[in-house]
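See below for the structure under consideration.
The values are calculated or read from the model by the stated rules, or taken from the named source; none is laboratory data. Fair warning: this is a prediction, and the values are worked out from it, not measured in the lab. Methodologically, a virtual Cβ is constructed for each residue, glycine included, from the backbone with ideal geometry; neighbour enumeration extends over all protein chains shown.
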Amino acid sequence: MEWEVVIGLETHTQLQTKSKIFSGSSIAFGAAPNTQASAVDIALPGVLPVLNKEAVQCAIKFGLAVDAEISPRSVFARKNYFYPDLPKGYQISQYELPVVGKGSLTIHVGASAGNENGYEKTINITRAHLEEDAGKSVHGASEGMSGIDLNRAGTPLLEIVTEPDMRSAAEAVAYAKKLHELVQWIGICDGNMQEGSFRCDVNVSVRKKGAEKLGTRREIKNLNSFRFMQQAIEYETRWQIETLEDGGTIQQATVLFNPDTGETKAMRSKEEANDYRYFPDPDLLPLQITASDIEAIKAVMPELPADMKARFEGEYSLSAYDAAALTASRGIADYFIATTAAFGGDAKIAANWVMGAVAAKLNEEGKDISASPVSPTALASLLKRIADNTISNKIAREVFEAMWAGEGDADHIIDKKGLKQVTDSGAIESIIDEVLAANAAMVEEFKAGKEKAFNALVGQAMKASKGKANPAQVNELLKKKLAS
């Protein structure tokens, strides 16, 4: 029997505002427990919530980025449930009238068996609504006891909900990664998954292939790692299929993923919407968003990844692959643009260095592009020395390593280490004469028709010059010598 997995995501994106969604309390991470929870956050008698305008602007930005409907009128509701870290006994959220309606996000799913180039797929977004976060239960704070930290209570969230459009763990992870990059790109979330700024709930169900009716779903809560998401979905899918094939039934439930065991485990039965007894919050007026509000946000929106990718292909004559790689993050894109502007030469050369040497060092050291010790201007200076034949590409890599290590700018390192390229024809010709004299066997092999011998002779000449000879001149002069 063949089965199909059906996946939908609910992503809690913590908005980069200065204060909480309904109070002026700080949302800074790492404060001592319960030092950033105001009277409004813990719902003391007589307090009233006041909506944070900046949170609304973040929601509008997201709506524009995914080409979504932005509701001119939306309503805040009380979502009622009891949990120790929910100080009000309800959460202020949105239900029937969210601020952001239907939109979409196109993802690229990587290569797999039977599909070596990967494929694109559009994931439909059902809604994105504003809400406040709950507090945090701290287990093991005291022996045999749990503590409650309410610093996070009231932190502004945008919950982004998809349709059940994904059919594999790979698609779900590709969507989560694309969304993660997008919310950082437009500046509404810092994307810090370790601190809980971006976390996903994944709804998983299975059904027989060809069936239209959805199976019973189980929700995997609070995944804050793409690797854990992949593992959790794959385990949950196998578990559901095995349960059904063994004659069992799936009960709707909220489950947690244990990364130590690689298993999901039911935490509680899953509530339905009516269990939360939603009703409009009487302390908050309906949110009105005008056309001029939307236009004001549009005016300050950054260029979106898809638009920038198209521009890179047109303006810089880059391939679709290169343009996609350079727009995978806003930091990389900005670095490339700044390097190209300062270099003034072939953008493809700048692209190769950003995607190659720079990316390799960042990956090796686990750094973000913002922490690169080689600035775009410094990299451009190095590229200029390649372009004007001061150094070869091979020597440039040595200079780059020294720049990365903090030994100075390109010109300083080139002068200090005596790395200037030898372009004097007489000097190069002298080196070639020595190489030919010392490698008579290679010369005979070349004359016998073995082309590899020529490359070997070039290598010997470059080695003799300590990499400083101009490679093009070495090739040209060597050919002349061998032909004579």
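A few remarks follow.
- Restricted to segment 427-478, and to residues there that are without any contact (Cβ under 8 Å) to a residue 24 or more places away in the chain, part of a helix (DSSP H, G or I) and of a type in the set (Lys, Arg), the residue that is surrounded by the fewest Cβ atoms within 10 Å (Cβ to Cβ) is 452.
- Residue 187 farther than 16 Å from residue 11 by Cα and modelled with pLDDT under 95: no
- Of all residues making up segment 218-261, the number that are of a type in the set (Lys, Arg), within 19 Å of residue 199 (Cα to Cα) and outside any strand (DSSP E or B): 1
- Scanning segment 200-214 for residues that are crowded, with 19+ Cβ neighbours inside 10 Å and either modelled with pLDDT under 95 or over 16 Å from residue 167 (Cα atoms) (or both) turns up just one, 200.
- Whichever residue in segment 10-30 is of a type in the set (Gly, Ala, Ser) and not in a loop (DSSP other than H, G, I, E, B) and, among such residues, is surrounded by the most Cβ atoms within 10 Å (Cβ to Cβ): 19
- Scope segment 240-276; condition out of contact with any Ser or Thr (no Cβ under 7 Å at 6 or more places or on another chain) and among the aromatic types (Phe, Trp, Tyr); matching residues: 276
- Single residue of 401, 407 found to be modelled with pLDDT of 85 or more, out of contact with any Pro (no Cβ under 8 Å at 6 or more places or on another chain), assigned to a loop (DSSP other than H, G, I, E, B) and assigned by TED's automatic domain parsing to the domain that holds residue 343: 407
- Of the strands (runs of 3 or more DSSP E) contained entirely in segment 134-173, those carrying at least 2 residues that are in contact with a Cys (Cβ under 8 Å, 6 or more places away or on another chain) fall at 156-162.
A quick yes/no check of all residues on (1) surrounded by fewer than 13 Cβ atoms within 10 Å (Cβ to Cβ); (2) of a type outside the set (A, V, I, L, M, F, W, C); (3) out of contact with any strand residue (DSSP E or B) (no Cβ under 6 Å at 6 or more places or on another chain):
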| site | (1), (2), (3) |
| --- | --- |
| 224 | no, yes, no |
| 247 | yes, yes, yes |
| 284 | no, no, no |
| 296 | yes, no, yes |
| 301 | no, no, yes |
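- Search result, residues across segment 128-172 that are over 20 Å from residue 89 (Cβ atoms), crowded, with 21+ Cβ neighbours inside 10 Å and β-branched (Val, Ile, Thr): 160, 162
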